[in-house]
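Remarks on the structure that follows.
The values are calculated or read from the model by the stated rules, or taken from the named source; none is laboratory data. Everything numeric in this text was worked out from a predicted model, so none of it was measured. In this analysis, Cβ positions are derived from the backbone assuming ideal geometry, glycine residues included, and neighbour counts consider all displayed protein chains. Areas reflect the complete protein model, heavy atoms only, side chains present, ligands, DNA and RNA absent. Shrake-Rupley method; radii C 1.70, N 1.55, O 1.52, S 1.80 Å.
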Amino acid sequence: MSVIYNRVALIGLGLIAGSMALAIRRRGLAAEVTGYARTPATRDTARRINLVDRVCDTAIEAVKEADLVVLCVPVGAMGDVAQEIAPHLKPGATLSDVGSVKRAVIDAVQPHMPDHVHFVPAHPLAGTEHSGPESGFATLFDNRWCLIVPQDGADPHAVAQLQALWQGMGANVDQMDADHHDLVLAVTSHTPHLIAYTMVGVADDLRRVTDSEVIKYSAAGFRDFTRIAASDPTMWRDVFLTNKDATLEILGRFTEELFALQRAIRQGDGALLFDYFTRTRAIRRGIIEAGQDTDAPDFGRTKKDG
Ligand code: NAP
(Lines give C-alpha, C1' and ligand atoms only; values in the text may rest on other atoms or scores of the structure.)
Protein backbone atom coordinates (compact mmCIF):
# COMPACT_ATOMS: atom_id res chain seq x y z
CA MET A 1 0.00 0.00 0.00
CA SER A 2 1.24 3.53 -0.64
CA VAL A 3 1.99 6.38 1.73
CA ILE A 4 -1.18 8.18 2.83
CA TYR A 5 0.42 10.83 5.07
CA ASN A 6 4.01 11.97 4.90
CA ARG A 7 4.32 12.46 8.67
CA VAL A 8 1.99 11.13 11.37
CA ALA A 9 2.36 12.25 15.01
CA LEU A 10 0.91 10.11 17.79
CA ILE A 11 0.36 11.90 21.09
CA GLY A 12 0.20 9.31 23.86
CA LEU A 13 2.07 6.04 23.32
CA GLY A 14 -0.15 3.37 24.83
CA LEU A 15 -2.14 0.42 23.50
CA ILE A 16 -3.95 2.32 20.74
CA ALA A 17 -1.09 4.55 19.58
CA GLY A 18 1.33 1.62 19.73
CA SER A 19 -0.99 -0.54 17.64
CA MET A 20 -1.47 2.32 15.17
CA ALA A 21 2.30 2.76 14.83
CA LEU A 22 2.78 -0.93 14.13
CA ALA A 23 -0.19 -1.13 11.75
CA ILE A 24 1.08 1.94 9.84
CA ARG A 25 4.54 0.40 9.58
CA ARG A 26 3.10 -2.95 8.46
CA ARG A 27 1.70 -1.40 5.27
CA GLY A 28 4.01 1.61 4.87
CA LEU A 29 1.13 4.07 5.29
CA ALA A 30 3.34 6.98 6.44
CA ALA A 31 6.86 8.07 5.55
CA GLU A 32 7.56 8.92 9.22
CA VAL A 33 5.75 8.38 12.52
CA THR A 34 6.70 10.55 15.49
CA GLY A 35 5.44 10.02 19.02
CA TYR A 36 5.22 11.64 22.41
CA ALA A 37 4.15 10.36 25.82
CA ARG A 38 3.85 12.26 29.06
CA THR A 39 6.35 10.38 31.21
CA PRO A 40 10.04 9.80 30.47
CA ALA A 41 9.56 6.11 31.38
CA THR A 42 7.01 5.57 28.60
CA ARG A 43 9.15 7.50 26.12
CA ASP A 44 12.18 5.37 27.04
CA THR A 45 10.20 2.16 26.58
CA ALA A 46 8.90 3.36 23.22
CA ARG A 47 12.47 4.11 22.13
CA ARG A 48 13.76 0.76 23.37
CA ILE A 49 11.15 -1.23 21.43
CA ASN A 50 11.44 1.06 18.39
CA LEU A 51 7.71 1.73 18.45
CA VAL A 52 7.80 4.82 16.23
CA ASP A 53 10.48 6.34 14.01
CA ARG A 54 11.18 9.21 16.41
CA VAL A 55 10.11 9.64 20.05
CA CYS A 56 10.08 13.33 20.97
CA ASP A 57 10.47 14.86 24.43
CA THR A 58 7.66 17.35 23.91
CA ALA A 59 4.29 17.16 22.18
CA ILE A 60 5.15 20.39 20.34
CA GLU A 61 8.23 18.83 18.79
CA ALA A 62 6.28 15.70 17.81
CA VAL A 63 3.56 17.61 15.91
CA LYS A 64 5.95 19.87 14.01
CA GLU A 65 5.41 19.44 10.23
CA ALA A 66 3.01 16.53 10.87
CA ASP A 67 0.29 16.04 8.25
CA LEU A 68 -1.81 14.01 10.69
CA VAL A 69 -1.78 14.33 14.48
CA VAL A 70 -3.73 11.73 16.47
CA LEU A 71 -4.51 12.29 20.15
CA CYS A 72 -4.22 8.88 21.84
CA VAL A 73 -4.47 10.03 25.46
CA PRO A 74 -7.31 9.45 27.97
CA VAL A 75 -10.50 11.33 27.09
CA GLY A 76 -10.12 13.70 30.04
CA ALA A 77 -6.67 14.82 28.84
CA MET A 78 -7.63 15.61 25.21
CA GLY A 79 -8.56 19.28 25.74
CA ASP A 80 -5.31 20.25 27.50
CA VAL A 81 -3.16 18.45 24.94
CA ALA A 82 -5.07 20.07 22.06
CA GLN A 83 -4.58 23.50 23.62
CA GLU A 84 -0.85 22.91 24.00
CA ILE A 85 -0.20 21.75 20.43
CA ALA A 86 -2.75 23.91 18.55
CA PRO A 87 -0.41 26.86 17.79
CA HIS A 88 2.19 24.45 16.41
CA LEU A 89 0.03 22.52 13.95
CA LYS A 90 0.97 22.76 10.30
CA PRO A 91 -1.51 24.65 8.07
CA GLY A 92 -3.65 22.07 6.24
CA ALA A 93 -2.88 19.33 8.80
CA THR A 94 -5.56 17.01 10.13
CA LEU A 95 -6.04 16.58 13.87
CA SER A 96 -7.84 13.42 14.94
CA ASP A 97 -8.29 11.41 18.14
CA VAL A 98 -9.16 7.87 19.19
CA GLY A 99 -11.19 8.70 22.31
CA SER A 100 -13.90 6.29 23.43
CA VAL A 101 -16.37 9.17 23.90
CA LYS A 102 -16.98 11.66 21.11
CA ARG A 103 -19.19 14.60 22.19
CA ALA A 104 -17.01 15.48 25.20
CA VAL A 105 -13.81 15.24 23.15
CA ILE A 106 -15.24 17.48 20.43
CA ASP A 107 -16.36 20.03 23.02
CA ALA A 108 -12.91 19.98 24.65
CA VAL A 109 -10.80 20.06 21.49
CA GLN A 110 -12.76 22.09 18.89
CA PRO A 111 -12.40 25.49 20.62
CA HIS A 112 -8.61 25.24 20.39
CA MET A 113 -8.48 24.35 16.70
CA PRO A 114 -7.12 27.03 14.35
CA ASP A 115 -9.07 27.57 11.10
CA HIS A 116 -6.23 26.15 9.02
CA VAL A 117 -6.47 22.70 10.71
CA HIS A 118 -9.03 19.98 9.87
CA PHE A 119 -10.41 18.37 13.02
CA VAL A 120 -11.77 14.88 12.26
CA PRO A 121 -12.62 12.85 15.41
CA ALA A 122 -12.57 9.05 15.25
CA HIS A 123 -12.91 5.98 17.47
CA PRO A 124 -11.54 2.53 16.66
CA LEU A 125 -13.77 -0.14 18.22
CA ALA A 126 -10.86 -2.33 19.16
CA GLY A 127 -8.91 -2.79 22.33
CA THR A 128 -7.81 -5.10 25.08
CA GLU A 129 -7.59 -4.75 28.85
CA HIS A 130 -3.84 -4.08 28.52
CA SER A 131 -2.27 -0.65 28.34
CA GLY A 132 1.07 1.00 27.76
CA PRO A 133 3.49 1.07 24.82
CA GLU A 134 4.36 -2.63 25.00
CA SER A 135 0.73 -3.74 24.73
CA GLY A 136 0.28 -2.60 21.11
CA PHE A 137 0.18 -5.02 18.19
CA ALA A 138 -0.17 -4.52 14.44
CA THR A 139 -3.32 -6.61 13.94
CA LEU A 140 -5.47 -4.95 16.64
CA PHE A 141 -7.66 -3.15 14.11
CA ASP A 142 -7.97 -5.93 11.53
CA ASN A 143 -11.64 -6.40 10.64
CA ARG A 144 -12.72 -4.13 13.51
CA TRP A 145 -14.81 -1.01 13.00
CA CYS A 146 -13.48 2.50 13.18
CA LEU A 147 -16.18 5.16 13.52
CA ILE A 148 -15.32 8.54 12.03
CA VAL A 149 -17.29 11.49 13.36
CA PRO A 150 -16.88 14.39 10.91
CA GLN A 151 -18.05 17.82 12.07
CA ASP A 152 -20.38 20.06 10.06
CA GLY A 153 -18.48 21.51 7.12
CA ALA A 154 -15.61 19.02 7.45
CA ASP A 155 -13.20 18.98 4.50
CA PRO A 156 -14.15 15.90 2.41
CA HIS A 157 -10.53 15.30 1.41
CA ALA A 158 -9.34 15.31 5.03
CA VAL A 159 -12.12 12.86 5.98
CA ALA A 160 -11.35 10.58 3.02
CA GLN A 161 -7.64 10.57 3.82
CA LEU A 162 -8.24 9.61 7.45
CA GLN A 163 -10.68 6.96 6.31
CA ALA A 164 -8.02 5.54 3.95
CA LEU A 165 -5.51 5.39 6.81
CA TRP A 166 -7.88 3.39 9.03
CA GLN A 167 -8.71 1.07 6.18
CA GLY A 168 -4.97 0.66 5.53
CA MET A 169 -4.56 -0.29 9.20
CA GLY A 170 -7.10 -3.08 8.63
CA ALA A 171 -10.31 -1.50 9.93
CA ASN A 172 -13.76 -1.21 8.38
CA VAL A 173 -14.87 2.41 8.48
CA ASP A 174 -18.27 3.99 9.11
CA GLN A 175 -19.31 7.58 9.77
CA MET A 176 -21.53 8.50 12.69
CA ASP A 177 -22.91 11.53 14.50
CA ALA A 178 -21.22 12.19 17.88
CA ASP A 179 -24.31 11.86 20.10
CA HIS A 180 -25.43 8.70 18.35
CA HIS A 181 -21.91 7.30 18.75
CA ASP A 182 -22.00 7.96 22.49
CA LEU A 183 -25.36 6.23 22.89
CA VAL A 184 -24.33 3.18 20.83
CA LEU A 185 -21.09 2.86 22.77
CA ALA A 186 -22.94 3.21 26.08
CA VAL A 187 -24.85 0.06 25.10
CA THR A 188 -22.05 -1.95 23.52
CA SER A 189 -19.07 -1.00 25.66
CA HIS A 190 -19.46 1.49 28.48
CA THR A 191 -22.34 -0.03 30.48
CA PRO A 192 -21.03 -3.62 30.04
CA HIS A 193 -17.71 -2.44 31.49
CA LEU A 194 -19.51 -0.88 34.45
CA ILE A 195 -21.43 -4.10 35.06
CA ALA A 196 -18.18 -6.10 34.93
CA TYR A 197 -16.54 -3.71 37.37
CA THR A 198 -19.55 -4.10 39.68
CA MET A 199 -19.66 -7.90 39.52
CA VAL A 200 -15.95 -8.21 40.25
CA GLY A 201 -16.36 -5.72 43.08
CA VAL A 202 -19.18 -7.83 44.55
CA ALA A 203 -17.07 -10.97 44.23
CA ASP A 204 -14.17 -9.20 45.88
CA ASP A 205 -16.39 -8.32 48.83
CA LEU A 206 -17.55 -11.96 49.03
CA ARG A 207 -14.01 -13.23 48.74
CA ARG A 208 -13.34 -11.85 52.13
CA VAL A 209 -16.21 -13.99 53.40
CA THR A 210 -15.46 -17.13 51.41
CA ASP A 211 -11.70 -17.13 51.95
CA SER A 212 -10.51 -16.79 48.36
CA GLU A 213 -12.78 -19.48 46.87
CA VAL A 214 -13.91 -16.92 44.31
CA ILE A 215 -10.42 -16.83 42.85
CA LYS A 216 -9.65 -20.52 43.27
CA TYR A 217 -12.84 -21.82 41.66
CA SER A 218 -13.32 -18.93 39.28
CA ALA A 219 -15.52 -20.17 36.43
CA ALA A 220 -15.77 -18.84 32.91
CA GLY A 221 -18.48 -16.26 33.61
CA PHE A 222 -16.55 -14.60 36.40
CA ARG A 223 -13.23 -14.88 34.58
CA ASP A 224 -14.65 -13.03 31.58
CA PHE A 225 -15.87 -10.28 33.90
CA THR A 226 -12.43 -10.01 35.52
CA ARG A 227 -10.78 -9.60 32.13
CA ILE A 228 -13.00 -6.61 31.34
CA ALA A 229 -12.68 -5.24 34.87
CA ALA A 230 -8.88 -5.25 34.52
CA SER A 231 -9.14 -2.41 31.98
CA ASP A 232 -7.24 0.80 32.59
CA PRO A 233 -8.73 2.75 35.55
CA THR A 234 -7.85 6.20 34.15
CA MET A 235 -9.37 5.52 30.75
CA TRP A 236 -12.59 4.14 32.20
CA ARG A 237 -12.94 6.81 34.87
CA ASP A 238 -12.82 9.36 32.06
CA VAL A 239 -15.33 7.41 29.93
CA PHE A 240 -17.95 7.49 32.70
CA LEU A 241 -17.28 11.10 33.61
CA THR A 242 -17.67 12.21 29.99
CA ASN A 243 -20.41 9.89 28.67
CA LYS A 244 -22.58 10.48 31.70
CA ASP A 245 -26.04 10.93 30.18
CA ALA A 246 -25.96 7.99 27.77
CA THR A 247 -24.46 5.65 30.36
CA LEU A 248 -27.05 6.63 32.97
CA GLU A 249 -29.86 6.15 30.41
CA ILE A 250 -28.67 2.62 29.53
CA LEU A 251 -27.96 1.80 33.15
CA GLY A 252 -31.57 2.75 33.99
CA ARG A 253 -32.87 0.32 31.39
CA PHE A 254 -30.44 -2.33 32.63
CA THR A 255 -31.71 -1.97 36.17
CA GLU A 256 -35.32 -2.41 35.02
CA GLU A 257 -34.41 -5.61 33.17
CA LEU A 258 -32.48 -6.88 36.15
CA PHE A 259 -35.51 -6.37 38.39
CA ALA A 260 -37.68 -8.26 35.87
CA LEU A 261 -35.26 -11.20 35.91
CA GLN A 262 -35.00 -11.00 39.70
CA ARG A 263 -38.79 -11.25 39.93
CA ALA A 264 -38.84 -14.19 37.48
CA ILE A 265 -36.31 -16.05 39.64
CA ARG A 266 -38.24 -15.30 42.81
CA GLN A 267 -41.53 -16.43 41.22
CA GLY A 268 -39.98 -19.49 39.57
CA ASP A 269 -40.96 -18.20 36.11
CA GLY A 270 -38.83 -20.61 34.06
CA ALA A 271 -40.58 -19.72 30.80
CA LEU A 272 -39.58 -16.08 31.10
CA LEU A 273 -35.98 -16.96 31.90
CA PHE A 274 -35.80 -19.49 29.05
CA ASP A 275 -37.25 -17.06 26.50
CA TYR A 276 -34.96 -14.29 27.68
CA PHE A 277 -31.83 -16.42 27.44
CA THR A 278 -32.91 -17.74 24.02
CA ARG A 279 -33.17 -14.16 22.75
CA THR A 280 -29.77 -13.18 24.12
CA ARG A 281 -28.12 -16.31 22.70
CA ALA A 282 -29.22 -15.21 19.21
CA ILE A 283 -27.35 -11.91 19.70
CA ARG A 284 -24.14 -13.82 20.40
CA ARG A 285 -24.69 -15.82 17.20
CA GLY A 286 -25.17 -12.57 15.26
CA ILE A 287 -21.85 -11.19 16.53
CA ILE A 288 -20.02 -14.35 15.44
CA GLU A 289 -21.74 -14.31 12.04
CA ALA A 290 -20.67 -10.66 11.61
CA GLY A 291 -17.04 -11.78 12.16
CA GLN A 292 -16.67 -9.70 15.34
CA ASP A 293 -15.77 -12.67 17.57
CA THR A 294 -14.98 -16.34 17.26
CA ASP A 295 -16.96 -19.36 18.38
CA ALA A 296 -13.83 -21.17 19.62
CA PRO A 297 -13.73 -22.20 23.29
CA ASP A 298 -12.74 -19.28 25.52
CA PHE A 299 -13.58 -17.04 22.55
CA GLY A 300 -10.47 -18.37 20.77
CA ARG A 301 -8.37 -15.91 22.69
CA THR A 302 -4.66 -15.92 22.27
CA LYS A 303 -2.27 -14.17 24.64
CA LYS A 304 -2.19 -11.08 22.42
CA ASP A 305 -5.89 -10.35 22.23
CA GLY A 306 -6.46 -11.01 25.90
P1 NAP B 1 -2.93 3.70 27.43
O2 NAP B 1 -2.36 2.42 26.91
O3 NAP B 1 -3.13 3.83 28.91
O4 NAP B 1 -2.04 4.92 26.92
C5 NAP B 1 -2.36 6.24 27.23
C6 NAP B 1 -1.22 7.16 26.80
O7 NAP B 1 -1.63 8.50 27.09
C8 NAP B 1 0.08 6.92 27.53
O9 NAP B 1 1.14 7.05 26.63
C10 NAP B 1 0.12 8.06 28.55
O11 NAP B 1 1.44 8.49 28.81
C12 NAP B 1 -0.61 9.16 27.84
N13 NAP B 1 -1.25 10.08 28.81
C14 NAP B 1 -2.00 9.77 29.87
N15 NAP B 1 -2.44 10.88 30.50
C16 NAP B 1 -1.91 11.92 29.83
C17 NAP B 1 -1.98 13.32 30.00
N18 NAP B 1 -2.69 13.86 31.00
N19 NAP B 1 -1.30 14.09 29.13
C20 NAP B 1 -0.59 13.55 28.13
N21 NAP B 1 -0.48 12.22 27.91
C22 NAP B 1 -1.14 11.42 28.75
O23 NAP B 1 -4.35 4.02 26.78
P24 NAP B 1 -5.04 3.49 25.44
O25 NAP B 1 -5.77 2.22 25.76
O26 NAP B 1 -4.08 3.51 24.33
O27 NAP B 1 -6.16 4.61 25.26
C28 NAP B 1 -5.89 5.83 24.63
C29 NAP B 1 -7.18 6.42 24.11
O30 NAP B 1 -7.81 5.47 23.25
C31 NAP B 1 -8.20 6.77 25.18
O32 NAP B 1 -8.81 8.00 24.87
C33 NAP B 1 -9.22 5.65 25.08
O34 NAP B 1 -10.52 6.12 25.42
C35 NAP B 1 -9.14 5.29 23.62
N36 NAP B 1 -9.48 3.89 23.29
C37 NAP B 1 -9.06 2.88 24.08
C38 NAP B 1 -9.42 1.57 23.76
C39 NAP B 1 -8.99 0.42 24.64
O40 NAP B 1 -9.64 -0.62 24.66
N41 NAP B 1 -7.93 0.54 25.38
C42 NAP B 1 -10.16 1.30 22.60
C43 NAP B 1 -10.51 2.38 21.76
C44 NAP B 1 -10.17 3.67 22.12
P45 NAP B 1 2.25 7.95 30.07
O46 NAP B 1 2.39 6.46 29.88
O47 NAP B 1 3.55 8.64 29.91
O48 NAP B 1 1.47 8.32 31.28
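Under a straight-distance cross-link criterion of Cα-Cα below 13 Å, which aspartates and glutamates are reachable from Lys244, leaving out those fewer than 8 residues away in the same chain?
Counting by Cα, and skipping residues close in sequence, Lys244 has these aspartates and glutamates nearby: Asp179, Asp182.
Can you compute 3J(HN,Hα) from phi for each residue in segment 24-39, using the Karplus curve 6.51 cos²θ - 1.76 cosθ + 1.60 with θ = phi - 60°, rounded to whole Hz and x for Gly and Pro?
So the Karplus estimates, Gly and Pro as x, are 5, 5, 3, 10, x, 7, 9, 6, 8, 10, 9, x, 9, 10, 5, 9 Hz.
Cut-off under 19 Å on the C-alpha distance; same-chain residues fewer than 8 positions from Lys64 excluded. Which aspartates and glutamates are left, in chain and number order?
Glu32, Asp53, Asp80, Glu84, Asp97, Asp115
Counting only protein heavy atoms and a 1.4 Å probe, tell me what percentage of segment 104-147's accessible area is made up of carbon and sulfur.
49
Give me the percent of the accessible area of segment 7-98 that comes from carbon and sulfur atoms, probe 1.4 Å, all protein chains in place.
50
Using the heavy atoms of the protein chains alone and a 1.4 angstrom probe, what is the accessible area of the chain per residue in square angstrom?
On a per-residue basis, the chain sits at 52 Å².
Provide the per-residue ³J(HN,Hα) series for segment 188-204, in order, calculated from phi with Karplus coefficients 6.51, -1.76, 1.60 and θ = phi - 60°, each as a whole number of Hz, with x at glycine and proline positions.
Karplus values, whole Hz, x for Gly and Pro: 8, 9, 5, 5, x, 5, 5, 5, 5, 4, 5, 4, 5, x, 4, 4, 5.
How large is the Rg to Rh ratio of the chain when both quantities use alpha carbon positions and Rh follows Kirkwood?
1.01
Rounded to the nearest Å, what's the spacing between the alpha carbon centres of segment 34-56 and segment 102-125? Just the number, please.
If you average the Cα positions of each part, the centres end up 24 Å apart.
Within the chain, what percent of beta bridges assigned by DSSP are antiparallel, to the nearest 5?
Given both bridge residues lie in the chain, the antiparallel proportion sits at roughly 10 percent.
With each label point set 7 Å from Cα along the Cα-Cβ vector, what nm distance links Ala282 and Asp142?
Those two pseudo-labels are separated by 3.3 nm.
Looking only at segment 5-176, where both bridge partners belong to it, what percent of the DSSP beta bridges are antiparallel (to the nearest 5)?
Looking only at bridges with both residues in segment 5-176, the antiparallel portion is about 10 percent.
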